[in-house]
Amino acid sequence: MDIDGVNEEENSRRVQVRFVTKLKPPMTVPPLPIAIPSNLTRLGLSTLVNNLIQNGNPDWNTQPFDFLIDGELVRMSLDKFLLAKSISAEKILEIEYIKAVAPRKEEEPSLHDDWVSSVDGSDPRFIVTGCYDSLARVWKAAGECTHILEGHSDVIASVGVINRKGVEGITVATASKDCTLRLWKFDTEDSINDPIRIRAFKILRGHAKSVQCVAAQNTGDMVCSGSWDSMIKLWQTNDSQSDGDLVSIKKRKGNDQADESQLEGEAVSTLVGHTQCVSSVVWPQQETIYSASWDHSIRLWDAETGKNSSDIFCTKVLNCLDVGGESSALIAAGGSDPILRIWDPRKPGTSAPVFQFSSHTSWISACKWHDKSWFHLVSSSYDGKVMLWDLRTAWPLAVIESHKDKVLCADCSAFLLEFLCCECQSHLNYSDNLMWSSQHKVQYLH
Amino acid sequence: MKIKEEKKKRQSVRNSKSEEVEEEQPSITEQNKLKQKQLPSHSDSDSDSDPDYGSPYVSDSEDFSEDGDFDGSLSDSEAEGSGSSGDEGVVDSDVDDGLHNDQENQSNSSESHQGVEESDSSEDEVAPRNTVGDVPLEWYKDEEHIGYDLNGKKIKKRTRKDKVESFLESADDAKNWLKVYDEYNDEEVEVTKKELKLINRLLKGKAPHSDFDPYAPYVDWFKWDDAKHPLSNAPEPKRRFIPSKWESKKVVKLVRAIRMGLIKRDKPKEEQQFYHLWGDDSSSTEKANHLSFIPAPKSKLPGHEESYNPSLEYIPTQEEINSYQLMFEEDRPKFIPRRYTSLRSIPAYDNAVKDVFERCLDLYLCPRVRKKRINIDPESLKPKLPSRRDLKPYPVTCYLEYKGHTDAVVSISIEASGQWLASGSLDGTVRIWEVETGRCLRVWEFEEPVKFVAWNPLREIPIVAVSVGQEVFILNTGLGDEEEQKKIKELLHFETPVAPDDSGDKVSVASWHQDDKHEGIRLRHFKTVSSVEWHRKGDYFSIVMPAGESRAVLIHQLSKKHTQRIPFKLRGLPVSSLFHPTKKIFFISTKKNVRAYDLQKQKLIKKLETGLREVSSISVHPGGDNIIVGSREGKLCWFDMDLSSKPYRILKCHPKDITNVAFHRSYPLFASCSDDCTAYVFHGMVYSDLNQNPLIVPLEILRGHTSSNGRGVMDCKFHPRQPWLFTAGADSVIKLYCH
């Protein structure tokens, strides 16, 4: 027995490591090199670091850590990692540990009557969802609907919160398959038990086919929208009637609604260049608009001149697009295949993606960068999974499998540090279908 | 006076010469003999080295005036005492004068000089001690002696010093570097100073003797002026300047011979004359006389194991012999090797008669007909097709399913922009789906199973034509913006509730009705409608009623709500009809053939003979010149209309009925789906170059549908803008295969 034990000890080689971190003092460990068995995995390393911290600080609650070697997350046993990356085990290995990012808890789902097509959680105070019952809803918390935005005659395909500086009220833009966009205003302060039904203050007409996506400029003055008529249109969001090109129409509704003044807006400019449905637009900076289309291309537009400044060609249909990551320059896009691709447009001369994540098994319906982190992004797929990715490893950090059917959209909110996703479950019969959506809040500390 | 002077000079020259001679040959000078006596002695000494010099000298002396010669001899004796110093100066002046008379004398003296030198050098050498002669010394290598001396006695080898000793000795001896070992005489010779000088001069590339002047002024030996008979004064003959006639004749002869092939320059190497004795005779005889002679089969040659005393490894052990008994008789080895100590002990062979008999049978029954077997690699017979990887994109994997129907989906149709999908099912519903999400947008319910759905090809008019039983419905999908909806509503509305359009006919073929229930138009026909096809402009559509006989195919016009019969006589049972994608041509396929009609001229253009048992479906390439036809027996025919009325290619890939075939609108793809629950995707490239035949490459088999009631995939359609394929299955699921 003794001999066996010795053999085992010999079999597991030891590596000299030193743990370093950028975390604050209670979570630091003495930077002395220690020898650890090389067959440790992330879990082993995590317990080790927790023990080390506990030595210095007895009332320490264990928490998971993630480990970086040469800027790459450790996702296998240490010796395999060293072998794969051909790092010498002779030297003292520096392992940086960071807090593990993992979804913590799932909140109560916010139920809808129909499929939820889109979600926007970029404002910390509320979440906006667009639904297939042609209503958009504003949620203050899980299951707590404050406003219902009604007026569209068809499915709402996309919602976008317009952050306008110096304006108290909240403006939301919705894009619908009835070929229009609507702008809505409401206040979040008044807390009422029943959701308030509000109507749009402005209707934007001009698309010939169903509008697929909407994105607001960061100043909030303009929104852009992509449509099945393969055009991108830019719209003004202001509600002042002094604008010459806006036509004010007094509409008297036949039902019991009060008189409402609804403005109609026309497109400020149109960006033509795509040959097929524009499935996703992003307007991260004042001057650049990114768009993804079914014609397999991602185009960058100069918002001022309306010129197409550069193209990235993919071989697949693109459904979603987001810009973020390192200095907000990386383009993540997913489409009609299970691979989430990330391009770096600053890289000259190549149209090859810099990262490819391929753990999904079906179309990718949405992808979203984390606002504050350079490395994290969220993707949702028709296979019912939502995955949290870290650029430093090829495996997903977390997989959320609480949905049973296609996940149509996902977003990670900026200030709550949560991410939301919504999904659909279709029933066989349309007439009495039982559709619900769930909304999850997953806290992760940072 | 002049003559006298000359004579004097001559004498002086001679003196000097003779003195030189005397210096080098002191023995002769001492004797102080007369010149006359001296001369023969000279010639004697010369004679051994070069006898030819003697005679010219003599003859020359005869030429000369004899007195002069004598004078010289006298003066010679006179001038003896006067010393050599003055004489030399005379010689110099003499030479400067360049008198020819002296030449002969001088030469003589120089000759004699040479002769003396040679003898001199030979005198220097010690006579060879060894008399073995010029034989290789290694003959004496192992002997104790190195040869024999003059008396015939053995010359003993010196005792060998060992290397160290000799080295030490040589190191001690300061003069060692001058010593050379003479192998021949087995002794060490010390080089003298004189010899050393000589060697040094030789090494420098100079003449060995220091007193030899290599740059002596040229002296013309021949006396031209005095010669009575010149050696040759003839001019160079002409023949030296013209090419030889005989030579050229010889060359011409050779060239001719080469041209005629009489002389072969590159003779092929002679093949080896021996041949493979044990080789197969048949091939050689066949080569030899081309007769179809088949030699008798050769009996097997005996091997080592058939030896009377084979090696031990051939001898089977007892266990092996026992195991033979368990084998089948045919598998059992015929011969079991055994060892015998001698040939005598070999018993008689038991099977001798049997073996001979079998051999006879072999000979008697051997096949007498040569089988021609062509050795062809089956791989090489396959057509060279491009790699599938180069033909991307094409549909490969199923990512989306459209679920909602409760019975087999019979027909699907995709909107022109590719946003929506319409499907008709046997459960009596028509559904509109969002392609992107798989969301069912709309459902219409009918009393009877839906047979066919067809989306209007115009993007502005999103309406669907549906055939249900005997009726065809034109349905408004309600998609598109408000203006479009207004237009559609106008289009689908008509004032006269019942309009018997066929005013000429007695029996109404079809009647148009407003259908309020489904918000569309209802066309009632007298027979079951199997298919509906739109014209590309979205106004006309044709319907097929297989049981309609002469009125089986009708063309409706939507804008005028008008129905017309086709002005052609139909032969056979119509299966489906199609409009040409660009021209005014109308295709009608019956169970056996496909006919193309010109609608404007109202006549038959082409008849395509499929050769199939029953055509099930037909599709036209967007270019319009190629047609694919699917059949109930699982065959797919590709027709090139320009090429022939026979199929260009017949692909037999499905084991069961082909239910539908489809071309892609923009990608070079076509697909067929079958009741065997698979859909095949092919690459079908049509080149604009008329000389190049279409390229057909099978790409992918799409599986995933399950069989239901013996039916598999009922319909397949390509997405109009993406390389995606929709398949409708009898398992009530629609699948989307993406690239």
- Task: Please state which of the following conditions A:Val386 fails to meet, knowing it meets all the rest: (1) away from chain B (no Cβ under 13 Å); (2) modelled with pLDDT of 80 or more; (3) surrounded by 24 or more Cβ atoms within 10 Å (Cβ to Cβ).
- Result: (2)
- Do any residues in segment B:390-402 that are at the interface with another protein chain (Cβ under 10 Å from one of its Cβ atoms) have Cβ atoms under 7 Å from those of residues that are surrounded by fewer than 18 Cβ atoms within 10 Å (Cβ to Cβ), where the two are at least six apart or on different chains, and which pairs are they? B:Pro393/A:Thr315; B:Cys398/B:Gly704
- Query: Taking segment B:195-209 on its own, how many of its residues are at negative phi and surrounded by fewer than 10 Cβ atoms within 10 Å (Cβ to Cβ)?
  - Reply: 2
- Message: Looking only at strands (runs of 3 or more DSSP E) that lie completely in segment A:284-378, which have at least 2 residues being free of Cβ contacts under 8 Å to residues at least 12 places away in the same chain?
- Response: none
- Which of the residues belonging to segment B:626-663 are of a type in the set (A, V, I, L, M) and out of contact with any Phe, Trp or Tyr (no Cβ under 6 Å at 6 or more places or on another chain)? B:Val629, B:Leu636, B:Met641, B:Leu643, B:Ile650, B:Leu651, B:Ile658, B:Val661
- Might you let me know whether segment A:294-303 holds any residue that is surrounded by 24 or more Cβ atoms within 10 Å (Cβ to Cβ), within 14 Å of chain B (Cβ to nearest Cβ) and either touching a Leu at 6+ places or on another chain (Cβ under 9 Å) or within 27 Å of B:Gly418 (Cα to Cα) (or both)? yes
- Message: Could you check segment B:540-590 and list, in sequence order, the residues that are within 17 Å of B:Ser511 (Cα to Cα) and among the charged types (D, E, K, R)?
- Response: B:Arg551, B:Lys560, B:Lys561, B:Arg565
- Message: Condition first: more than 14 Å from chain B (Cβ to nearest Cβ) and surrounded by 14 or more Cβ atoms within 10 Å (Cβ to Cβ). Now tell me which residues in segment A:327-339 satisfy that.
- Response: A:Ala329, A:Leu330, A:Ile331, A:Ala332, A:Ala333
- Note on the structure: In segment B:685-734, anything surrounded by fewer than 23 Cβ atoms within 10 Å (Cβ to Cβ) and assigned to a strand (DSSP E or B) is listed as B:Met685, B:Leu695, B:Ile696, B:Val697, B:Pro698, B:Leu699, B:Glu700, B:Ile701, B:Ser708, B:Arg711, B:Val733
- Item | Per-region count, segment A:351-379, residues at pLDDT below 80 and within 14 Å of chain B (Cβ to nearest Cβ) | 0
- Report, by residue number, each residue of segment B:359-389 that is over 26 Å from the mean Cα position of the chain (by Cα) and either surrounded by 10 or more Cβ atoms within 10 Å (Cβ to Cβ) or within 14 Å of chain A (Cβ to nearest Cβ) (or both). B:Arg359, B:Cys360, B:Leu361, B:Asp362, B:Leu363, B:Cys366, B:Arg370, B:Arg388, B:Arg389
- Note on the structure: If we ask which residues in segment B:424-433 are crowded, with 22+ Cβ neighbours inside 10 Å and either farther than 22 Å from A:Ser365 by Cβ or modelled with pLDDT under 85 (or both), their number turns out to be 4
- Among strands (runs of 3 or more DSSP E) completely within segment B:548-667, the ones holding 2 or more residues that are small (Gly, Ala, Ser) and either modelled with pLDDT of 85 or more or assigned by TED's automatic domain parsing to the domain that holds B:His719 (or both) are B:574-579, B:615-620, B:626-631
- Looking only at segment B:258-293, count how many residues are at pLDDT 70 or above and touching a helix residue (DSSP H, G or I) at 6+ places or on another chain (Cβ under 8 Å). 3
- Message: Can you find a residue that is in a strand (DSSP E or B), among the small types (Gly, Ala, Ser) and within 14 Å of another protein chain (Cβ to nearest Cβ) anywhere in segment B:424-444?
- Response: yes
- Looking across segment B:170-184 at residues that are in a helix (DSSP H, G or I) and not hydroxyl-bearing (Ser, Thr, Tyr), the single one that is nearest to B:Phe212 (Cα to Cα) is B:Leu178
- Number of the exception - B:Ser413 against (1) within 14 Å of chain A (Cβ to nearest Cβ); (2) surrounded by 19 or more Cβ atoms within 10 Å (Cβ to Cβ); (3) of a type outside the set (Val, Ile, Thr); (4) within 22 Å of A:Cys277 (Cα to Cα): (1)
- Message: I'd like to check something: does segment B:185-194 contain any residue that is in the same structural domain as B:Asp149 (by TED's automatic domain parsing), hydrophobic (A, V, I, L, M, F, W, C) and either surrounded by fewer than 11 Cβ atoms within 10 Å (Cβ to Cβ) or not in a loop (DSSP other than H, G, I, E, B) (or both)?
- Response: yes
- Query: Got a number for residues in segment B:444-479 being surrounded by fewer than 23 Cβ atoms within 10 Å (Cβ to Cβ) and either among the polar types (S, T, N, Q) or without any contact (Cβ under 8 Å) to a residue 24 or more places away in the chain (or both)?
  - Reply: 5
- Quick one: would you say A:Ile98 is under 23 Å from A:Phe375 (Cβ atoms), in a loop (DSSP other than H, G, I, E, B) and either modelled with pLDDT under 75 or not acidic (Asp, Glu) (or both)? no
- Task: Could you list, in sequence order, all residues of segment A:139-159 that are crowded, with 24+ Cβ neighbours inside 10 Å, within 18 Å of the chain's Cα centre (by Cα) and within 15 Å of A:Ile198 (Cβ to Cβ)?
- Result: A:Val159
- Can you spot a residue in segment A:84-93 that is modelled with pLDDT of 75 or more, touching a strand residue (DSSP E or B) at 6+ places or on another chain (Cβ under 9 Å) and buried (at least 19 other Cβ atoms within 10 Å of the Cβ)? yes
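The values are calculated or read from the model by the stated rules, or taken from the named source; none is laboratory data. A quick note: this is a predicted structure, and the numbers were derived from the prediction, not measured. Note: ideal-geometry Cβ built from the backbone for every residue, glycine included; neighbour counts use all protein chains shown.
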